[in-house]
Amino acid sequence: MRPWKHIVFGAMLGLVVLVACARQAEVSPATAPTPIPQAAPVVATTAPPVDCALAAFQKGGCGACHVIPGVPNARGTIGPDLTNVAQVAAQTMQSSTYTGNATTVEAYLREAILEPDVFVAPDCNGSPCQKGVMPPSLGQGLSEEELAAVIAYLQAPPGAAEAVVTEAPTAAPSEAAPTLSDDEFAWAKLVYFERCAGCHGTLRKGATGPALTPDRTIPLGTVGLSTIIYNGTSRGMPDWGKQGFFTKEQIEVLARFLQREPPAPPELPMERMKASWKMYVAPDQRPTAPQTKRNWQNYFVVTLRDAGQVAVIDGDTYEVVSKVDSGYAVHITRMSATGRYAYVIGRDGKLAMIDLWTETPAKVAEVQVCYDARSVEVSKYNGPEGDFTDKLAVVGCYWPPHFVILDGQTLEPIHIVSTRGYTVDTMEYHPEPRVASIVASDFKPEWIINVKEIGQIWLVNYANPRAPQIKMLPAARFLHDGGWDATHRYFLVAANQSNKVAVVDAQEGRMVALVDTPKIPHPGRGANWVDPEFGPVWSSGHLGDPAIVSIGTDPEGHPNVAWKAVRVTPLPGAGSLFIKTHPNSKWIWVDMTLNSDPALARTICVIAKENPAEPHTCWEASSYGRAVHFEYNAAGTEVWVSIWGDASKPGETGEIVVYDDATLTEKARIPNLVTPTGKFNVYNTVHDIY
């Protein structure tokens, strides 16, 4: 890896800034920052040194974090909006919450740039601002002339007529992408695919996260992109640098990579899928009854993300019964209709089939059907049209954009269906519509398949798996995850960047509603419970807003509130990934895993169903890592939560905390697990209890 280049890059930009500032003054000394004076407000008799200020904003990569009027491409969401910062400063200094020392607007702005943690603004685009996001070194890297120009500009920015419009940024034709060595390019390509493509797309067209194509990334520059990667965002992007996951050197390489054209990934035809197919134990060689005396229906299949494994844990004894090699960074596990088999899909597109009836659960088959995947489901229908119990499986792929139907007993691939098509709103062709969540209907031999980027929900009839019939329902773009209502008739799925939840009637095969929500709903499977005022509801947390939304789900008993957002419950922070409850529980559990505040990221909250207006209590589940994902035991008496640690830190790789659901007290810890994430109880997963 090449040495850290921010110093060189900043020096090159510094030349540009010095030239721009020279137009305003003959001398621009690079002096150290001076103590903050309590000067009188600047009264501008001439135009502000705009060129100098614009160059300084570019030098500091300020537009990556802030909205700054008149500054090209300055539409960041990490820090506060600076559109009316002079007025905000005057009001803030009069407030009892202000902890700084400034008494004038000019001094306030100087203090905010040179000592950003003296007072942390309360609002960063709807979320609390965090200390440590803006390092003092950014301000200290400005000369006195540059600093004065920035302060003058912010006190009197250009009017609305001069301000840059909020169109997508475009790179000028003369702007070239930074260079990368072959080793740097190969490393960044792999890291992007493993860590970034899930939110931003393999082709970098955007989905849960924004598009990262060169027309958008080149204007931000290496410094601006590095700032975002290091700090994360309030909308759910992890703070990769602050966590120590990537070094500054690595972040700079990623930032340069993002300014280059995305490399074209390969396709995966049937021939290559079948070449990867391995059957370790044929169906007729498998036991015909459970060999284990354990309560296998209370097993938890736990993702060990960075180990490339799943752990099968006995829910009665907390013993790790087996660790099974699976695909990389397993995303979900689904059980067969009988519960005997666990189907485990990795983000590398590898599907493993684990037999839970053997004394030691082990793989009986595996296959790779894509290079990046997030979803798997099985056939569950048993009715007039046939008995499809455990006969078929389906994998939804991120890349290539397709889904694959497989033999449910052997994992032999049967049929491939491409999802490339046209967006539901603008009817534009999309080359990468990825398959998000999939659920199996009890009413028909159908899977409900959510095609993310184009915003369509496909009802796929698998009665003839080699020629499936598909009904395409228009919903909203960026469909992601979701689950059934309590009756299992209605499926609710988050269209997260559209800030909506789509509702499908599986019995009648039609769209029911699109419900507006707070920013970026992310329910996992959601939570079904009975609200004391509105009756049966389904709830979701959010990545972008500190809130839980509850949607009415009872069109017969409560028709006036059906398919409406009836309640929003505030949380201490945003960044929620999962929410969970159980019919026997009086609580709703929620995490804030992707919050940029480390303490909130490991905090869990419970909401009392009898008083859902606010959290009943919140607490830190660990002293390290992030708290993520909940699962109940089969009886509904315990809740398991993962502590997602760091695989490189002995003693802090991760663990599972087991709580008594009735009392909220800790019962046990299952230690020394490598980045445990999703946990799937056999009984609850088979019966869709959440």
Using alpha-carbon pairs under 8 Å, 6+ residues apart, how would you state the relative contact order of the chain in percent?
-> 8
Calculate the length of the line joining the C-alpha centroid of region 432-456 to that of region 225-291, in whole Å.
-> 22
State the answer as a single residue: which of P559, M353, S540 lies farthest towards the positive end of the charge dipole of the chain, with beta carbon charges of +1 for Lys and Arg and -1 for Asp and Glu, about the Cα centre.
-> M353
Would you kindly state the longest site-free stretch of the chain, with sites defined as GluC sites (Glu not before Pro) in a DSSP loop (not H, G, I, E, B) surrounded by at most 16 other Cβ atoms within 10 Å?
-> 27-161
For region 318-358 and region 572-646, write down the distance between their C-alpha centroids in whole Å.
-> 24
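Subtract the Cα-Cα distance of T665 and T360 from 0.36 nm times their separation in residues, and report this length gain in nm to one decimal.
Extra length from T665 to T360 when fully extended: 106.7 nm.
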How high is the FRET efficiency between N295 and D387 when r is their beta carbon distance and R₀ equals 22 Å, given to the nearest 0.05?
-> 0.25
Cα-derived Rg over Rh, computed across region 173-264 with Rh taken as Kirkwood radius | 0.92
Ordered by fewest other Cβ atoms within 10 Å, a rough proxy for footprinting exposure, H558, H582 read H558, H582
Using Cα centres only, tell me the gap between region 78-127 and region 649-669 in whole Å.
-> 40
Magnitude of the Cβ-charge dipole of the chain, K/R +1 and D/E -1, about the Cα centre, nearest 20 debye?
-> 900
Hull volume in cubic angstrom per residue (convex hull over the Cα atoms of region 340-445) = 106
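Working out 0.36 nm times the residue gap between E652 and E261, then minus their Cα-Cα distance, what length gain in nm do you get to one decimal? All intermediate terms of the calculation are to be shown ahead of the outcome.
On the way: separation 391, 0.36 × 391 = 140.76 nm, distance 3.75 nm.
Separation in residues times 0.36 nm, less the Cα-Cα distance, equals 137.0 nm.
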Which aspartates and glutamates have a Cα lying under 13 Å from the Cα of K189, excluding residues fewer than 8 positions away in the same chain?
-> E261
Treat each spin label as a single point 7 Å out from the Cα along the C-beta direction, and report the R510 to I470 distance in nm.
-> 2.4
Assigning unit charges at the beta carbon (Lys, Arg +1; Asp, Glu -1) and nothing else, what dipole magnitude in debye, to the nearest 20, does region 173-264 show about its Cα centre?
-> 340
Most exposed to least, judged by fewest other Cβ atoms within 10 Å, H331, H542, H488 sort to H488, H331, H542
Over all alpha-carbon pairs in region 483-569, figure out the percentage whose distance exceeds 15 Å.
-> 50
Compactness of the chain - radius of gyration and Dmax, Cα, Å | 26.7, 90
Which angle from 0 to 90°, rounded to the nearest 10, does the C-alpha axis of helix 144-155 make with the longest principal axis of the chain?
-> 70
Relative contact order computed over region 576-690 (Cα-Cα under 8 Å; 6+ residues apart), in percent | 21
Evaluate Rg over Rh across region 622-690, taking Cα atoms for both radii and Kirkwood's formula for Rh.
-> 1.00
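Test of understanding: ordering W589, W447 by Cβ neighbours within 10 Å, fewest first, what list do you get?
With the fewest neighbours first, W589, W447 line up as W589, W447.
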If r is the Cβ-Cβ distance from E610 to V568 and R0 is 25 Å, what FRET efficiency results, to the nearest 0.05?
-> 0.90
Separation between the E249 and T617 pseudo-spin-labels, each 7 Å from Cα along Cα→Cβ, expressed in nm?
-> 4.7
Tilt relative to the chain, helix 248-257 - C-alpha long axis, 0 to 90 degrees, to 10 = 80
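No value in this document is a laboratory result; all are computed from the given coordinates. Everything numeric here is computed off the predicted structure, so don't read it as measured data. No Cβ is skipped: glycine too gets one built from the backbone with ideal geometry, and neighbour counts run over all protein chains shown.
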